[in-house]
Each structure stands twice: as C-alpha cells, then as structure tokens.
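Undergrad: Sharing a structure below in structure tokens format, with a few things to ask.
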Amino acid sequence: MMKKIKPWLAVWASMALLALAHFRDVRRGIDITGDGWLASWYTVLVFVIFLGAGAAGVLFLNLAGKRQWRLEQIYPLAGLFLGGLYLFVLPPLSAPDEVSHYISSYQLSSRLMGRQAVSREGKVLVRGMDWFLEDTEGNYTFYKDEDNIWKVLGAQTEDQDWKALGYELREKTYRMIHDIGFLGGEVPQKEMFEEKGEDIAGQTAASIHLTVVTTPVAYAPQALGISLARVLCLDSIWLAYMGRLFNLVFFVALTTLAMRRLPFGKEVLFGVALLPMTLNLSASFSYDVMIMGCLFYFTAVCIDLACAKEKAGWRDIAILMLLMAAAGPCKMIYGVMMGLCLLIPVKKFGGWKKWALSATAVAGAWAVAMILVNSRVITNYVTEAEPVVEWAQEAGYSLSFLLRNPGKLIRIFYQTILWQTETYHLTMIGSYLGNLDQGLDVPYLMVVFFTFCLMALSLRKPGESLLLTRGRRVWIFVVCAACVAAAMGSMLLAWTPVSSKIINGVQGRYFLPFLPVFLMACKNDWLILTKDRNRSILYLMFCANGYTLFRLFSVVCMRT
C-alpha cells in the first residue's frame with residue numbers, strides 16, 4: 001500500500017503548501033474586516049478537501065488494495081462532493097444570470113404548490129423574507145398594494161440599486177450567509193416591514209426581476225428544492241441552497257446515466273464533468289444544468305446505438321425524444337446535435353421505414369417543444385427588419401441583411417474566431433467563474449493543466465478498440481462545428497450591434513454540452529498512449545479542483 005501512496009505524496013504536499021499560502025490571503029481579509037470566523041471556515045474547507053482527496057485516492061487509484069471501482073460508480077460521489085464545495089464557496093445567485101434562473105424556479109415552485117405565482121402585473125411572487133436575496137442591502141423602499149402584495153417603490157437614494165446575494169461576490173457575502181443563514185439573524189428588510197406594523201414572514205412580495213422565457217422543465221429540479229424549503233419553513237439562505245442542491249443532484253444523476261450508457265469514452269465525460277466551469281454551473285440555479293445533463297445523455301444513447309447495441313428499440317427513441325424536447329427550448333442552437341442520430345446505422349432500426357419514423361419522432365419532439373416555447377423568438381429572428389440591441393442601444397443585424405450580405409457574415413465570423421478563440425477556451429475551462437467575474441478565475445497554468453488532462457483522456461489506450469470509424473469521426477466534427485456556428489450566429493442576431501467588429505456574447509460554457517463527443521472523436525490510430533493513466537489523470541483533476549476551491553475562497557475573503 002505504501003508503494004502506491006508514495007508517488008502521490010508530492011501532490012498532497014504541494015496542495016498543503018498552497019493551502020498555507022492562501023491562508024495568508026484569508027488573514028488579510030480578517031485583518032481588515034475583523035471577521036475571525038473566516039479562518040474557521042477556511043480551515044474546515046481545507047480539511048474537507050484533503051479528506052475528500054484521501055477518499056478519492058482510494059476510489060480512483062485503489063490505494064486500499066481492494067476491488068477497483070468503475071468510473072460510473074466513482075463519479076456520483078466525486079460529482080456531489082466537488083459540486084457541493086463549489087456550491088459553498090460560490091454562494092447562491094453568483095453564477096451567470098442566476099438571479100433570473102432563481103426567479104423562474106420560484107415561479108414554478110409556486111405553481112407546483114398550488115399557490116399564486118404572479119401578480120396582476122406579471123411579477124413573480126415570493127415570501128416577504130425571500131426579498132432579501134434580491135436586495136441584500138435593503139436599498140429599496142416598499143409599499144403594499146390593494147391585493148396585499150408588497151412591491152418596490154424605489155431606491156432610497158439615486159445612487160443605490162438592487163444587489164442580489166452573490167451578484168458581486170465579496171467578503172460581505174460570506175458575512176451575510178454567516179450572520180443570517182447559519183445563525184438565524186435578521187434580514188435588512190425586516191425593520192422596514194415592522195415599521196409598517198407587518199410581520200415579514202407572513203407577507204407576499206413581488207420580485208423585481210423578470211423570468212427566463214423557456215420551458216418550465218428546465219427549472220423542475222430547482223423548483224422542487226425551493227418547494228421543500230418552503231414546506232419546511234426554512235429561511236431564505238437555506239431556500240436558495242436547497243434549490244441549487246436539487247439541481248446539482250439532477251445533473252450528477254443524468255451524467256451518471258450517460259456514463260453508464262457509453263460503450264467507451266467514460267473517462268472523457270468524467271473529465272468534462274470535473275472542469276471548474278462545469279462544476280460551477282452544476283451547483284447553481286442555471287438551466288445549463290438541464291442542457292448539459294440532457295445532451296450528455298443524448299450523446300451517450302447515440303454513441304451506444306451506433307457502436308454497441310445491436311438494435312434500436314422504441315425505448316431508445318422515446319429517450320432521445322424526451323431529452324431533445326427538454327433541452328432544445330433552453331437554447332435552440334443545440335438542435336444541431338440531433339445530427340448525432342445519423343451515426344446510427346439504418347439496419348439497427350429494421351429498415352428505412354422505421355428509421356424515417358424514428359428520425360421524424362425525434363425531430364418532431366424538438367420542433368413541437370420549440371414552437372410551444374420559442375415561437376415568438378423564432379418569428380422575431382425571421383421577420384424583424386430593423387432589430388435593436390438593447391444593451392448597446394444600437395441597431396443590430398437582421399437575418400435578411402446577413403443573407404443579402406454573405407461577405408459581411410463571413411468576415412465577422414472570421415474576425416471573431418481570430419480574436420475570441422482564446423476567450424472561448426478560457427471561459428470553457430473555468431476563467432470568469434461566478435457572474436462572469438474576471439477576479440474569480442482559474443489561473444492560466446491550471447487552465448493549461450485541465451486542457452492537457454482532457455487531451456490525454458481523449459487519446460487511445462493500449463488494447464482499446466477504435467469503435468468510431470473515420471467517417472463517423474468526421475461527421476461528429478461537422479456536428480460540433482455546426483453547434484459552434486449556431487452559437488455564434490444566434491448571438492450575432494440577438495446580441496451584436498452593427499458597430500461591432502466581432503460577435504458579442506458568446507461564452508465558452510456554450511461549448512460544454514458537445515465537448516465530450518468532440519473529445520471522443522479525437523481517438524485515432526496515430527496517437528496511442530503506452531500506458532493507461534486515465535484514473536491518475538482524473539484524480540489529478542480532482543485534486544486540482546481542491547486547489548481551485550481554496551484559492552477562490554481566499555480571493556473572496558480579500559475582496560473587502
């Protein structure tokens with residue numbers, strides 16, 4: 001056993017030294033704020049990370065010398081463990097657009113519980129105490145309308161605006177969670193309610209945020225978590241954590257199913273699931289969880305039917321229909337991934353007729369979901385002659401203009417690829433975590449490390465069969481390239497003013513749903529590793545996330 005452990009002592013020693021180095025950063029935050037409990041939080045975080053690293057070593061590397069666990073057995077434990085830590089270090093409402101996803105989940109929760117979900121003006125209704133999550137500093141004043149619903153009158157001063165719990169992730173965010181969530185403190189709004197003779201706990205308030213226009217299925221896990229918190233009468237902080245936790249469990253469950261279904265490439269999917277950006281999103285309210293989970297499973301079913309399973313049954317088709325109908329309306333660009341179904345030989349359907357019926361069923365499920373949810377958006381894209389990009393208050397591109405000017409379209413795509421590829425790569429791996437916060441990032445060396453790990457996982461190992469033929473690999477690259485083009489095209493129409501020389505709004509996280517299948521297609525006859533080091537690589541990625549977590553915690557502590 002000691003012989004197996006010795007090579008990893010250097011890794012654990014390096015992590016310990018880095019943990020001590022970042023403790024100095026935590027101390028700087030404590031010296032400024034006086035919040036000495038940050039040291040206890042950091043100590044517990046580091047202890048848990050090292051405890052998890054020890055347990056993961058037993059599972060990944062078989063350090064105990066007992067039976068070797070399969071990757072699909074290890075992933076649920078590793079995914080929940082690391083996801084739970086990211087959930088703690090990057091608190092609720094700190095992920096991209098998470099406030100809107102939270103409000104959308106809250107709306108669905110009310111409908112599931114049979115309660116009034118929106119006001120007459122269409123604003124989502126929340127418990128009075130939960131208004132704190134959207135206005136943590138109590139900047140707004142409230143009034144009660146004729147329906148006994150509390151609404152925002154306005155900010156107390158002109159220079160104040162709403163500040164959601166994790167929108168600007170700073171040391172005071174941790175302080176709020178410490179004082180209010182864990183110790184049962186009072187929220188800033190409580191005094192305002194009491195001045196008007198009201199009890200905040202029994203009040204209903206209208207949210208100041210808009211919901212996301214998409215399928216309610218995307219928020220089912222989060223809504224269940226929120227509903228349970230409301231039934232148990234938990235406070236706002238715990239309500240937010242419950243919604244995120246249910247979303248994390250859903251993601252881990254779907255990814256585990258995908259890993260079990262894959263005939264090969266399990267290590268690739270595992271590696272993508274261990275990227276800091278993936279873990280950050282999986283432990284949030286974001287509907288990216290639904291997109292990634294469904295498309296990971298969709299990919300696994302297609303690869304299994306193409307390379308392993310002898311016959312495509314009606315259950316397989318039903319699964320593909322459900323997955324595409326659930327993920328498609330969230331971001332229509334991923335409809336391109338239906339092209340993976342073409343990897344499946346016609347003979348496995350029993351002939352062209354059954355193949356055509358199956359293809360129509362999958363495409364039809366996606367199309368019906370798109371029409372029911374996104375018909376207005378699609379209509380605007382097609383018919384809007386003079387679009388306006390709201391964030392820039394400038395004219396935008398229309399589909400008709402781009403069709404009439406293909407040279408302009410090619411040029412802006414070319415310039416975007418030249419200037420933005422680096423940003424796409426960084427933000428896909430883990431730069432700009434939180435609410436696209438450039439200070440909450442994975443260091444560049446770690447980005448390179450995670451990238452090389454993925455590349456190593458994608459190579460063939462000794463004795464591994466190449467199940468994807470050259471033609472199938474080329475087709476997968478075509479589908480992935482089409483997904484990238486669709487992402488860029490959609491943001492060109494929706495988010496890019498005509499004055500811009502590049503396409504705005506595209507983020508690397510948009511590429512995560514098809515990254516596993518892209519890496520699986522990279523297996524070839526040219527590069528074959530001499531030894532199978534998949535488990536060691538995955539374990540190193542696990543430990544690298546441990547370093548990332550205590551570094552992120554220390555960064556937040558210094559932001560006073």
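Undergrad: Which residue is surrounded by the most Cβ atoms within 10 Å (Cβ to Cβ), if the candidates are limited to the stretch 122-138 and must be within 26 Å of the chain's Cα centre (by Cα) and either among the acidic types (Asp, Glu) or outside any helix (DSSP H, G or I) (or both)? Spell out how you get there, then give the answer.
TA: Pass one, the stretch 122-138, residues within 26 Å of the chain's Cα centre (by Cα): 123-126, 130-136.
So of that shortlist, the ones also either among the acidic types (Asp, Glu) or outside any helix (DSSP H, G or I) (or both) come out as 123-126, 130, 134-136.
Details: Lys123: 21, Val124: 23, Leu125: 20, Val126: 29, Asp130: 25, Glu134: 24, Asp135: 24, Thr136: 24.
So, considering only residues that are within 26 Å of the chain's Cα centre (by Cα) and either among the acidic types (Asp, Glu) or outside any helix (DSSP H, G or I) (or both), the one surrounded by the most Cβ atoms within 10 Å (Cβ to Cβ) is Val126.
Undergrad: Does Gly52 fit the bill of being crowded, with 19+ Cβ neighbours inside 10 Å and not aliphatic (A, V, I, L, M)?
TA: yes
Undergrad: (1) open to solvent by 40 Å² or more (accessible area, probe 1.4 Å); (2) farther than 27 Å from Ala53 by Cα; (3) assigned to a helix (DSSP H, G or I); (4) among the aliphatic types (A, V, I, L, M): which one isn't true of Leu492, the others all being true?
TA: (1)
Undergrad: Further, regarding this structure: Do you know which of the residues in the stretch 434-454 that are surrounded by 14 or more Cβ atoms within 10 Å (Cβ to Cβ), modelled with pLDDT of 90 or more and among the aliphatic types (A, V, I, L, M) is farthest from Phe550 (Cα to Cα)? Step through it out loud before you land on a result.
TA: Going residue by residue through the stretch 434-454, those that are surrounded by 14 or more Cβ atoms within 10 Å (Cβ to Cβ) are 434-437, 439-442, 446-447, 449-451, 453-454.
Checking the rest, the ones that are also modelled with pLDDT of 90 or more come to 446-447, 449-451, 453-454.
From what's left, among the aliphatic types (A, V, I, L, M): 446-447, 454.
Working: Met446: 14, Val447: 16, Leu454: 23 Å.
Going through the qualifying residues, I end up with Leu454.
Undergrad: Further question on the same structure: Looking at Arg460, is it modelled with pLDDT of 95 or more and of a type in the set (D, E, K, R)? Steps first, answer last, please.
TA: Values: modelled with pLDDT of 95 or more: no; of a type in the set (D, E, K, R): yes.
Judged against the criteria, Arg460 is not a match.
Undergrad: State which residue is least open to solvent (accessible area, probe 1.4 Å) when the search covers only the stretch 523-560 and only residues that are assigned to a loop (DSSP other than H, G, I, E, B) and among the aliphatic types (A, V, I, L, M).
TA: Residues of the stretch 523-560 that are assigned to a loop (DSSP other than H, G, I, E, B), as a first pass: 523-527, 529-533, 559-560.
If we keep only those that are among the aliphatic types (A, V, I, L, M) as well, we get 527, 529.
On the way: Leu527: 104, Leu529: 51 Å².
Restricting to residues being assigned to a loop (DSSP other than H, G, I, E, B) and among the aliphatic types (A, V, I, L, M), the top hit is Leu529.
Undergrad: With a cut-off of at least 3 residues that are under 17 Å from Gly84 (Cβ atoms) and aromatic (Phe, Trp, Tyr), name the helices (runs of 4 or more DSSP H) lying wholly within the stretch 236-284. Steps first, answer last, please.
TA: Details: elements: 236-261, 266-273, 276-282.
Correct list: 236-261.
Undergrad: Something else: Taking the criterion of being in contact with a strand residue (DSSP E or B) (Cβ under 8 Å, 6 or more places away or on another chain), at pLDDT 85 or above and buried (at least 18 other Cβ atoms within 10 Å of the Cβ), would at least one residue in the stretch 211-221 satisfy it? Break it down stepwise before answering.
TA: Restricting attention to the stretch 211-221, the residues satisfying the condition of being in contact with a strand residue (DSSP E or B) (Cβ under 8 Å, 6 or more places away or on another chain) are 211.
Remaining after also requiring at pLDDT 85 or above: 211.
After this cut, where a residue has to be buried (at least 18 other Cβ atoms within 10 Å of the Cβ) as well, the list is 211.
Checked against the condition, which is being in contact with a strand residue (DSSP E or B) (Cβ under 8 Å, 6 or more places away or on another chain), at pLDDT 85 or above and buried (at least 18 other Cβ atoms within 10 Å of the Cβ), the stretch 211-221 yields at least one hit.
Undergrad: Going by the structure shown, is Gly34 of a type outside the set (A, V, I, L, M) and open to solvent by less than 40 Å² (accessible area, probe 1.4 Å)? Spell out how you get there, then give the answer.
TA: On the way: of a type outside the set (A, V, I, L, M): yes; open to solvent by less than 40 Å² (accessible area, probe 1.4 Å): no.
For Gly34, the condition - of a type outside the set (A, V, I, L, M) and open to solvent by less than 40 Å² (accessible area, probe 1.4 Å) - is not met.
Undergrad: Pull up the stretch 56-67, narrow it to residues that are touching a residue at least 12 places away in the same chain (Cβ under 8 Å) and open to solvent by 20 Å² or more (accessible area, probe 1.4 Å), then point me to the one that is nearest to Leu82 (Cα to Cα). Lay out the reasoning, then the answer.
TA: Taking the stretch 56-67 and keeping what is touching a residue at least 12 places away in the same chain (Cβ under 8 Å), we get 56-57, 59-65.
After this cut, where a residue has to be open to solvent by 20 Å² or more (accessible area, probe 1.4 Å) as well, the list is 59, 61-62, 64-65.
Values: Leu59: 15, Leu61: 18, Asn62: 20, Ala64: 22, Gly65: 24 Å.
Looking at the filtered set, the residue picked out is Leu59.
Undergrad: Looking only at the stretch 456-469, decide whether some residue is open to solvent by 40 Å² or more (accessible area, probe 1.4 Å), part of a helix (DSSP H, G or I) and of a type outside the set (Phe, Trp, Tyr).
TA: No, every residue in the stretch 456-469 fails to be open to solvent by 40 Å² or more (accessible area, probe 1.4 Å), part of a helix (DSSP H, G or I) and of a type outside the set (Phe, Trp, Tyr).
Undergrad: Now a separate question. Tally the residues that are outside any loop (DSSP other than H, G, I, E, B) and open to solvent by less than 50 Å² (accessible area, probe 1.4 Å), restricting the search to the stretch 222-235. Outline the logic, then answer.
TA: Quick first cut of the stretch 222-235, residues outside any loop (DSSP other than H, G, I, E, B) only: 222-231.
Applying the additional criterion that residues be open to solvent by less than 50 Å² (accessible area, probe 1.4 Å) yields 222-223, 225-227, 229-230.
Qualifying residue count for the region: 7.
Undergrad: Taking into account only those residues within the stretch 373-388 that are at pLDDT 75 or above and over 23 Å from Ser500 (Cβ atoms), which is least open to solvent (accessible area, probe 1.4 Å)?
TA: Residues of the stretch 373-388 at pLDDT 75 or above: 373-376, 387-388.
Then keep just the ones that are over 23 Å from Ser500 (Cβ atoms); that gives 373-376.
Working: Val373: 39, Asn374: 9, Ser375: 54, Arg376: 188 Å².
Among them, the one singled out is Asn374.
Undergrad: If we keep just the residues of the stretch 487-531 that are over 25 Å from Ala306 (Cα atoms) and of a type in the set (Gly, Ala, Ser), which is nearest to the chain's Cα centre (by Cα)?
TA: This residue is Gly508.
Undergrad: I need a count of the residues in the stretch 141-174 that are at pLDDT 70 or above and either open to solvent by less than 50 Å² (accessible area, probe 1.4 Å) or touching a Leu at 6+ places or on another chain (Cβ under 9 Å) (or both). First the steps, then the outcome.
TA: The initial filter retains those residues of the stretch 141-174 that are at pLDDT 70 or above, namely 141-153, 163-174.
Those left that are additionally either open to solvent by less than 50 Å² (accessible area, probe 1.4 Å) or touching a Leu at 6+ places or on another chain (Cβ under 9 Å) (or both): 141-143, 145, 149-152, 164-167, 169, 171, 173-174.
Number of matching residues: 16.
Undergrad: Do we find a residue being in contact (Cβ under 8 Å) with a residue 60 or more places away in the chain and either closer than 19 Å to Ala365 by Cβ or of a type in the set (Asp, Glu) (or both) anywhere in the stretch 260-272?
TA: Yes, the stretch 260-272 has at least one match.
Undergrad: Tell me which residues, restricted to the stretch 396-433, are over 28 Å from Ser286 (Cα atoms), of a type outside the set (Ser, Thr, Tyr) and open to solvent by 50 Å² or more (accessible area, probe 1.4 Å).
TA: Once the filter is applied, which keeps residues that are over 28 Å from Ser286 (Cα atoms), of a type outside the set (Ser, Thr, Tyr) and open to solvent by 50 Å² or more (accessible area, probe 1.4 Å), the stretch 396-433 yields Leu399, Phe401, Leu403, Arg404, Asn405, Pro406, Lys408, Leu409, Ile410, Arg411, Leu418.
Undergrad: Only residues that are aliphatic (A, V, I, L, M) and open to solvent by 40 Å² or more (accessible area, probe 1.4 Å): list them for the stretch 17-31, please. Working first, answer last.
TA: Residues of the stretch 17-31 that are aliphatic (A, V, I, L, M), as a first pass: 17-21, 26, 30.
Result: Leu17, Leu18, Leu20, Ala21.
Undergrad: When both residues are 6+ apart or on different chains and their Cβ atoms are under 8 Å apart, which pairs have a first residue that lies in the stretch 397-416 and is touching a residue at least 60 places away in the same chain (Cβ under 8 Å), and a second that is open to solvent by less than 70 Å² (accessible area, probe 1.4 Å) and basic (Lys, Arg)?
TA: Correct list of pairs: Leu402/Lys408.
Undergrad: For the stretch 308-318, which residues satisfy the criterion of being surrounded by fewer than 19 Cβ atoms within 10 Å (Cβ to Cβ) and in contact with a helix residue (DSSP H, G or I) (Cβ under 8 Å, 6 or more places away or on another chain)? It would help to see each step written out before you state the result.
TA: Initially, the stretch 308-318 is screened for residues surrounded by fewer than 19 Cβ atoms within 10 Å (Cβ to Cβ), giving 308-311, 313-315, 318.
Matches in the stretch 308-318: Lys309, Glu310, Lys311.
Undergrad: Moving on to the next point. Does at least one position in the stretch 355-366 carry a residue that is open to solvent by 70 Å² or more (accessible area, probe 1.4 Å), part of a helix (DSSP H, G or I) and either farther than 25 Å from Val474 by Cβ or touching a Leu at 6+ places or on another chain (Cβ under 9 Å) (or both)? Can you show your working first?
TA: Initially, the stretch 355-366 is screened for residues open to solvent by 70 Å² or more (accessible area, probe 1.4 Å), giving 357, 360.
Now drop any that are not part of a helix (DSSP H, G or I), which leaves 357, 360.
Those still in the list that are either farther than 25 Å from Val474 by Cβ or touching a Leu at 6+ places or on another chain (Cβ under 9 Å) (or both) too: 357, 360.
Yes, that holds for at least one residue.
Undergrad: Please find, among Ala21, Ala78, the residue that is out of contact with any strand residue (DSSP E or B) (no Cβ under 8 Å at 6 or more places or on another chain) and either touching a residue at least 40 places away in the same chain (Cβ under 8 Å) or outside any helix (DSSP H, G or I) (or both).
TA: Details: Ala21 fails: either touching a residue at least 40 places away in the same chain (Cβ under 8 Å) or outside any helix (DSSP H, G or I) (or both).
Just a single option satisfies the conditions, and that option is Ala78.
The values are calculated or read from the model by the stated rules, or taken from the named source; none is laboratory data. Computed from a predicted model, the values in this text were never measured in an experiment. Note that each Cβ is placed from the backbone with ideal geometry, even for glycine, and that neighbours are counted across all protein chains shown. Accessible surface areas use protein heavy atoms only, side chains included; no ligands, DNA or RNA. Shrake-Rupley method; radii C 1.70, N 1.55, O 1.52, S 1.80 Å.
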